[in-house]
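In what follows, a structure is listed as structure tokens, so that the remarks can point back to it.
The values are calculated or read from the model by the stated rules, or taken from the named source; none is laboratory data. Because the structure is predicted, anything quoted here is derived from the model rather than measured. Heads up, the Cβs are rebuilt from the backbone with ideal geometry, glycines too, and the neighbour counts pull from every protein chain shown. For accessibility, only protein heavy atoms count, side chains too; no ligands or nucleic acids. Shrake-Rupley method; radii C 1.70, N 1.55, O 1.52, S 1.80 Å.
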Amino acid sequence: MVTGMINNIFFIIFPIIIYQVFSTAGTRNYFVSHRIKLTIMFSISIVLCLLFPYQILAEEYIFDLRQVPMIVGALYGGFAVSATLFIVSAMVRILIGGDGMYIAIANLFLIALIVPFLRPLYMRINRLNKAVLVFVISIFSLLFNMLSGYIFFGHELHEMMGIWTMIILNQGVLIIVTALLIEHFGRQEMLLNTVMKHEKLETVSHFAASVSHELRNPLQSIKGFVQLLETKDYPREKQLEFYETILEEVEAAERLIDDYLLFAKPTYGEVEKIDVDSEIDQVLKVMNPFASWQNVDFHVDKSHTELIIKGDPRKFHQAIINILRNGIEAMPSGGVFRITTALVLGNIRIELKDEGVGMTKEQVKRIGEPYFSNKIKGTGLGMMVTYSIIRQMDGEIEIESELNKGTCFRLIFPAFYD
């Protein structure tokens, strides 16, 4: 009896746990929303319980726990799930046969017909009341079987009370545990949804604060120059100087907005073959004046083989520039910036290593986060955009850094072969 009981309990609990493990996280209420999976899960439990029953105290009395998934499935799935579970259980019960077949099918039919009407009430009440309700439904279902046995087979009720008490406690406890387990999973899902929503709202809030702060600087500058032009008649040369400054501030604001848009909703150009070494040469031509001004020299160690990746060349160009600019700015006293390209195990690896101030482990973990920057006036947008671009190209970024010794950015891309 004990072995059979444990098997039936396993048949009911295990599918629920498996469903929880593989269900989609973040759904509103997967036990309600995913009725097809719910039906399959409880159908499996019912079939296994029917195929592997067990004896209760008396050798001639066979019992199983099919009513547990039937009742719980009807409460969480409604009429559609209840009807399907009834058809599955009735077909299997007919194949098994036996004296009590018609009573068993009638019992299952009543469960499938009546229990779904209790679903609206069940969904509104708290967990304790849900446990009481499923226990009461289980008792009425078993009482139907007991009275039917008395009417049709002449079973003496007083002789069967010990067996039926054991059955009521056995099934009642399990159906309560099953309902509470599902409620626990539902509560965990609700908490996960709340956390995810909170994180999204927090990110939007920080974005809004960061955008307003960064846009305020060029707007205030533009406003100041416009006010100057309104209050005093400056010479033409001075006016042109003001206009040039205003235009620069407008362009700075446009670049800031473009960076935010790229991160929030990345736009991708045409995917092309990119010659890594050739593209890095182009980037170095652009960055050489800035590097020379900061007393930084580039040392490049190229691969002896052609390195080709696929992506948007303009975005790739931008990502490399962002890393180089940060590395150069991290070397206020100058130094050497080493760039290495190589083919390693079918992947193309690009290492960009500076001799700057370096970062702590905590700072390394936060690189690429919104609104995080190691620079006093930085917004963190550059590295956010860089991470977004690298991910779009199916690449990865690894960072190694040590305070006062420098930082190494390692970009890894899948190699492209014609």
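List of remarks:
- Peptides 5-16, 309-320 ordered by average Cβ neighbours within 10 Å, highest first: 309-320, 5-16
- Note on Asn288 and Tyr417: the model spin-label points, each 7 Å out from Cα along the C-beta direction, lie 3.5 nm apart.
- Estimated at the nearest 10 Å², the accessible area of Asp297 is 90 Å² with a 1.4 Å probe.
- Exposure ranking of Phe298, Phe242 by accessible area [1.4 Å probe, largest first]: Phe298, Phe242
- Taking Leu256, Leu247 and ordering them by how much accessible surface each has at a 1.4 Å probe, largest first, produces Leu247, Leu256.
- Listed residues Glu251, Glu183 arranged by accessible area, highest first, probe 1.4 Å: Glu251, Glu183
- Once both labels are positioned 7 Å from their Cα atoms along Cα-to-Cβ, the gap between Arg410 and Ala252 label points is 3.8 nm.
- Estimated at 0.36 nm per residue, the fully extended path between Ile36 and Ala83 surpasses their Cα-Cα distance by 15.7 nm.
- Cα-Cα over 19 Å, subset of Lys315/Lys353; Lys353/Lys405; Lys310/Lys353: Lys315/Lys353; Lys310/Lys353
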